[in-house]
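For reference, the structure discussed in these notes is given below.
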Amino acid sequence: MYIPTKSVRKHLINCSFFFLLVLLLIRLSYIHFFRSNFLKDIARRQQSVFVEVEPVRGAILDRNLSALAVNVPADSLYAVPKEIKQKEKTARLLANILQLDYSFLKERLSRDKSFIWLSRKISPEQSKTIRKLNIEGLGFIRESKRSYPKNILCSHVLGVAGLDNIGLEGLELFYNQELSGKKGWSLYLRDARQRKLIGTNFLPAKDGFSLVLNIDEVIQFIAETELDKALKKFHAKGASIVLLDPNSGRILAMANRPTYNPNDFKASSAAARRNRAICDFFEPGSVFKIVTASAALEEKKVAENDKFFCENGEYRVANHILHDHTPHGWLSFTEVIAQSSNIGVTKIAKIVGAEILYRYINLFGFGKTLGVDLYGEVKGVNKPPSVWSKTSIAAVPIGQEVTVTALQLASAISVIANGGLLMQPFIVDSIVDENNNPIRKNYPQILRRVISQSTAERLKKILVEVVESGTGKLAKVDYLKVAGKTGTAQKVEENGTYSHSKFTASFIGFAPADRPQIAMAIIFDEPHPYYGGVVAAPVFKEVATKSLRYLNSRYYISEVSYETKKGTP
Amino acid sequence: MKLTKAFSIIATVNIFALLIVYQRTEITKFSYKNKKSEDSLAQLMDRRDYLKFRIEYCKSLDRINDQLFAEVSNFQLPGEAQIVMLNKPQASQKKADLAKVSNKGTGLLSKTFFWLEPEAQAEPGE
């Protein structure tokens, strides 16, 4: 038997170690040169994670930068059903805290899944209570929730954003792109428990821009409060109010009833969420007489003192008998408008002619959208004279056979207030970044000249007369001249005939008459009683009085502030 | 000699590898500390945002109006006889008026019931 010598054994050991070393080197080289990418990828996936970074949705502010829509942090509750031991007890506890159905929660907790949402965007109080319970298998993910701190105030204009912070209605929808911002990505290091540790912004998220509105929270509040009071008093089915700065077309307030709370919009009906001021059209009735009067004066067909015989309240046009609510004999042009005589206005319209009247209806912006920065604006109906019936010449001038929106009426009365210009109504003043630096600013836009300045001045005097001695006496403001026109229109029944019990009451006007600061359209759907002069005119009075007092005090304070700043060394 | 050189290279590589591992553990330790402070910061920011929302909510004119008329049943706007009407101040008077306005601050009630302000600012002799 061969027994190796000591030196041979040493040599053999050395050789084996060397062989092992070579093997290791080969393996190392293989890993390094051929497997490195694969292994690096596994390591990267284990140690780090790409996370989508949600941008913060921009706020919506009123013109004094008071917040109307903001983002509030909110926890979303999820469960890992496999890890929950006492499913029934947990479901019962959560049902109490979250005010959710017990069977719904139990069913979700019983699912064979490793992740399931239980409730998204819960309140901080609910989150705190659930955290205290320290239930294994429940977890929270931090999200942000769109919230409206002023509740119902301005809800139709603001609209709502859904669970995923995407605009669904109103300004939230119209300016969704600007408000949303852009998503970013971050690379996070994570531990064995998948906890995110340290992150680097791979692609930073770009937060959404904020909107600064022309809406004034205080004026909006005044308008809504007065609308509510009148709605309750006159048992109306619905109501709308639009308040404009007639010189610029800025919308200072817009409200509708019924309304809803955008913080809980799922609890409201689609009808309550509808912005009636721009989405609903109706026959305007006598407020439309301002168009006929404008056409007559601008075309020099009549003068203020021209007399018209009002047939003592009954006048046949084709096969239709036209009535006045109060019989009149001879009335001047001014009195025809002030007393809102249907017969007088029909006679004026006959002098003006259908074609000219149709042209002025178009010039005032009826039958077309005004291009306000909200979705859902309707055009209304304005038929050309070629399709008019024999009675249309007695219907259209008094606001029948045409349909309009509250916004169109507010814009039309602004034409007379500002000296004859149709301004584009707009809600958003500017889009600003997080430091309130303007990104985009909207400026007043003149759509067209409708009537001359002198005609507008003449009409102002007539409309002042409506409030001073005509049908709009209840709109009269102490120590202030206001101009306006009342309207009471019969609604059309389902069978196509005019109703004798359902009316639309309205008032359009502006104040102060000599230097208009606000123009308004107020509409009530089926009020009791139903006269525009009784229902809508007092609302105008209250809103105008309070709004002007606020606007003037605001102007005075800012004026004093400016002068003091100037004087400060 | 060659073996010594090989060992020293291996030792250097090992030390270098250990340093890398040490660096990684330090980064992880720092990450845990950082995560803790980031969580606290996020919590504080959340609380700040929520408080800001609550302030906006409490400032809501609608809410103040409801509260005022629900809780203070005897609240009444002042009658004509209780109001002192002022003439429009002259330009020289405006600075002094501003001082009063700023002294009054931007109180919630004064903002809400702005129509009471001219009367509220009235002083005897004006």
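The values are calculated or read from the model by the stated rules, or taken from the named source; none is laboratory data. Values in this document were obtained by computation on a predicted structure and should not be read as measured data. Neighbour counts are summed over all protein chains in view; Cβ atoms, including those assigned to glycine, are modelled from backbone coordinates with ideal geometry.
Descriptive notes on the structure:
- Odd one out for residue A:375 among (1) of a type in the set (Phe, Trp, Tyr); (2) surrounded by fewer than 20 Cβ atoms within 10 Å (Cβ to Cβ); (3) more than 40 Å from the chain's Cα centre (by Cα): (3)
- Boolean, residue A:148 is within 14 Å of chain B (Cβ to nearest Cβ), of a type in the set (Phe, Trp, Tyr) and under 25 Å from residue A:272 (Cβ atoms): yes
- Considering the stretch B:20-32, and only residues there that are at the interface with another protein chain (Cβ under 8 Å from one of its Cβ atoms) and aromatic (Phe, Trp, Tyr), the residue that is nearest to the chain's Cα centre (by Cα) turns out to be B:32.
- Meets criteria (among the aromatic types (Phe, Trp, Tyr) and under 30 Å from residue A:123 (Cβ atoms)) for residue A:315: no
- Within the stretch A:231-250, the set of residues being surrounded by fewer than 24 Cβ atoms within 10 Å (Cβ to Cβ) and hydrophobic (A, V, I, L, M, F, W, C) comprises A:231, A:234, A:236.
- Filtering the stretch A:53-109 to residues that are in contact with a Gly (Cβ under 8 Å, 6 or more places away or on another chain), more than 14 Å from chain B (Cβ to nearest Cβ), touching a residue at least 60 places away in the same chain (Cβ under 8 Å) and surrounded by fewer than 20 Cβ atoms within 10 Å (Cβ to Cβ) leaves A:55, A:78.
- Of all residues making up the stretch A:230-250, the number that are more than 14 Å from residue A:517 (Cβ to Cβ) and touching a residue at least 40 places away in the same chain (Cβ under 8 Å): 11
- Residue count for the stretch A:426-452, restricted to those that are farther than 14 Å from residue A:211 by Cα, part of a loop (DSSP other than H, G, I, E, B) and free of Cβ contacts under 8 Å to residues at least 40 places away in the same chain: 1
- Meets criteria (more than 30 Å from residue A:152 (Cα to Cα) and either more than 8 Å from chain A (Cβ to nearest Cβ) or modelled with pLDDT under 70 (or both)) for residue B:35: no
- Of the helices (runs of 4 or more DSSP H) lying entirely inside the stretch A:145-221, those carrying at least 3 residues that are within 30 Å of residue A:539 (Cα to Cα) are A:155-158, A:170-174.
- Counting only strands (runs of 3 or more DSSP E) wholly contained in the stretch A:24-138, the ones carrying 3 or more residues that are under 30 Å from residue B:28 (Cβ atoms) occupy A:48-53, A:67-79.
- Members of the stretch A:203-245 found to be more than 27 Å from residue A:167 (Cα to Cα) and touching a Phe, Trp or Tyr at 6+ places or on another chain (Cβ under 6 Å), listed by number: A:236
- Hits in the stretch A:184-229 (condition: free of Cβ contacts under 8 Å to residues at least 60 places away in the same chain, among the small types (Gly, Ala, Ser) and touching a Leu at 6+ places or on another chain (Cβ under 8 Å)): none
- All of (1) more than 28 Å from residue A:417 (Cα to Cα); (2) buried (at least 22 other Cβ atoms within 10 Å of the Cβ); (3) not small (Gly, Ala, Ser) hold for residue A:202 with one exception: (2).
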